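Enquirer: Once you've had a glance at the structure underneath, I'll fire off some questions.
The values are calculated or read from the model by the stated rules, or taken from the named source; none is laboratory data. Model, not experiment: these values are computed from the prediction. All Cβ positions, even for glycine, are placed from backbone atoms using ideal geometry, and neighbour counts span all protein chains on display.
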Amino acid sequence: MSTLGLPKISIGLATLAVVVGAVSSAEAFTLTTFNDRESWESAVAGDFNEENFNSFTIDSSFNGVNLDVGDFTLNGTGNRQKIDAPAMDVPAFSVDGSPMILGQTDSDSSFMVKFDLPVTAFGADFDDITSQGVTQLIADSDVVGSIPLNGRFFGFTVDSNITTITLNSANGGFDGFGMDNFVYVSSNDIPVSESPTRAMQMPSDIANPFVPVEFSPTRGIPLTFENIRATPFTFSPALGLLGVGGIWVLFRLRKMVGKK
């Protein structure tokens, strides 16, 4: 009696069962830049957070070290890279006379803003930016754009989650500047570290097993791959159970056929 190739069928369906509950899709994103604060604030409907660094009464370096500034952490390399409190080291770079970031970009100098929670918009005031070299802003691994010469404000909005802002040199040339009055919009998404555990979610899944549960395995984790953007996948407990049940039936059939 023919076994109907059950071992091969079993293996094939077993593989299918592993993926039947997970559906992944590529996701494009839209990013819009702004050169004036009023337009940026209008785009985010006036709902944003702000950090003006005025709580710093003495100079505080983040060159080669992490500097916690509440909702985010600063870290830089090369030259300068510090919060400069009055009296200013370089008065010509002062944004509004209050404490600010004294930054520098060149072939060896850059700095990073790493947010504790993902953001969907960011902006800041500048002074003397891109006056010599060309400073560009990068969101995670995507170049947002070069900051305009002597631009007073530069910001963006994006329909995706961003965790890291980097300022570096687009051409390797020296550029020293002041940066102040950060504005940003926190995402409504909950980081993985603060999400309910799978065990806590199971009772609601059983009560309504056909409601998918969304997971984002890399949410809140900065990506290091160029131009790769993690997208959440949707897991359906009901489909997963059906797949596992199908495997069990196939193995039972195998045993029954083998006895004949």
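Enquirer: Name the residue, out of D140, D96, D159, that is of a type outside the set (A, V, I, L, M), surrounded by fewer than 16 Cβ atoms within 10 Å (Cβ to Cβ) and within 25 Å of the chain's Cα centre (by Cα).
Expert: D159
Enquirer: When you look at D108, is it of a type in the set (D, E, K, R), part of a strand (DSSP E or B) and modelled with pLDDT of 95 or more, yes or no?
Expert: When the stated conditions are applied, D108 does not pass them.
Enquirer: Next up: How many residues does region 141-157 contain that are assigned to a strand (DSSP E or B) and within 16 Å of N35 (Cβ to Cβ)?
Expert: So the answer is 8.
Enquirer: Can you go through G76, G103, G123 and tell me which one is buried (at least 18 other Cβ atoms within 10 Å of the Cβ), in contact with a helix residue (DSSP H, G or I) (Cβ under 6 Å, 6 or more places away or on another chain) and part of a strand (DSSP E or B)?
Expert: It is G123.
Enquirer: Do we have F53 as over 20 Å from D127 (Cβ atoms) and either in the same structural domain as T157 (by TED's automatic domain parsing) or modelled with pLDDT of 95 or more (or both) here?
Expert: No: the conditions fail for F53.
Enquirer: Cβ contacts < 9 Å: first residue in the same structural domain as F72 (by TED's automatic domain parsing) and of a type in the set (S, T, N, Q), restricted to region 103-130; second residue part of a loop (DSSP other than H, G, I, E, B) and crowded, with 24+ Cβ neighbours inside 10 Å, any location; separation 6+ or different chain. Result?
Expert: What qualifies is Q104/Q81; S109/Q81; S110/Q81; T130/I147.
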